[in-house]
1. Describe numerically, in nm with one decimal, the distance between label points set 7 Å from Cα along Cα→Cβ at residue 234 and at residue 177.
2. When the chain is fully extended, how far beyond the present Cα-Cα distance does residue 39 get from residue 222, taking 0.36 nm per residue of separation?
3. Separation of the range 151-182 and the range 1-54 by C-alpha centroid, Å?
4. Placing unit charges on C-beta atoms (Lys and Arg positive, Asp and Glu negative, everything else neutral), compute the dipole magnitude of the range 167-234 about its Cα centre in debye, rounded to 20.
5. Run the paramagnetic zone check for residue 16: 7 angstrom along Cα to Cβ, then residues of the range 200-223 with backbone nitrogen under 19 Å.
6. Compute the relative contact order of the range 167-234 as a whole-number percentage, counting only Cα pairs closer than 8 Å that sit 6 or more residues apart in sequence.
Amino acid sequence: MYLVRTVSKYHSSRLVHLLETWISLVHEHVYYISDTYPTNITRTHVIATGTTCGPRSHKIIFMNIYLNLILIIHIILDEILGIQNLDEKKKEAYPGDFWFATLGAGVCLSKRTLHLLEPYTRTVSQFVDGCSRQWYPDDIYLAFILNNHLNISLTKNLRFHSHLESSLFKNRQEFIDTFHQQITFGFGLPRTTSQYLPNLFSRNIDPLRMRTVHCLLYTHFKDCQSRIKKTIRSI
């Protein structure tokens, strides 16, 4: 099961690109958390919260993650998995230290971990109340529960990439050599995206270059083959 978190202001500018790339391959297994119901998505696959956790939650929600399904289906862990966020300031009142996985890069939870989390997440309001009580945004509060109540620590995996990162796209050769090994790609705003990726789509169709990366991963798809061949011929 894949859980996508988004907000209504990004449904048309970001979620649409996921729906037409990796989600299209596994749509029956994808569920969504949003403040409103996205259009063209089965309502039984949507948890409409009307709100999110913490006073800063809307600032940290970015629905611009590309998931490499070729790799993710091979990952089965008994812990929370993701990339640590070193810059976020956690609630000072808590005396212990813990890492949390920024949801802007992606988090992977095993079925066993989800079962252990159930007493703390039975309802949306219960989880939201917990966020408010601890004064944590949802991704930090999730790690707080895992660490403080369940004694489960974050397992780092540097193949998860947040929208806050840009280093993955700075070095052309390194990206070419390693992009197929990455689990998620965090895409920034159009002005920050790489200029050396091939123009398989027009910028108005693929402003975040997510469709381009999708085609580079799935070169056997007919449409992708056609676009890649056309680009090669134009060089």
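1. In this crude label model, residue 234 to residue 177 measures out at 2.9 nm.
2. 63.2 nm
3. 23 Å
4. Using Cβ point charges on Lys, Arg, Asp and Glu, the range 167-234 gives about 300 debye.
5. Of the residues in the range 200-223, 200-215 have backbone N under 19 Å from the label point off residue 16.
6. For the range 167-234, the relative contact order is 24 percent.
Every read-out reported here was derived from the displayed coordinates using simple, explicitly stated rules and does not represent laboratory data. Every value quoted in this text rests on a predicted model; they were computed, and no experiment measured them. Note that each Cβ is placed from the backbone with ideal geometry, even for glycine, and that neighbours are counted across all protein chains shown.
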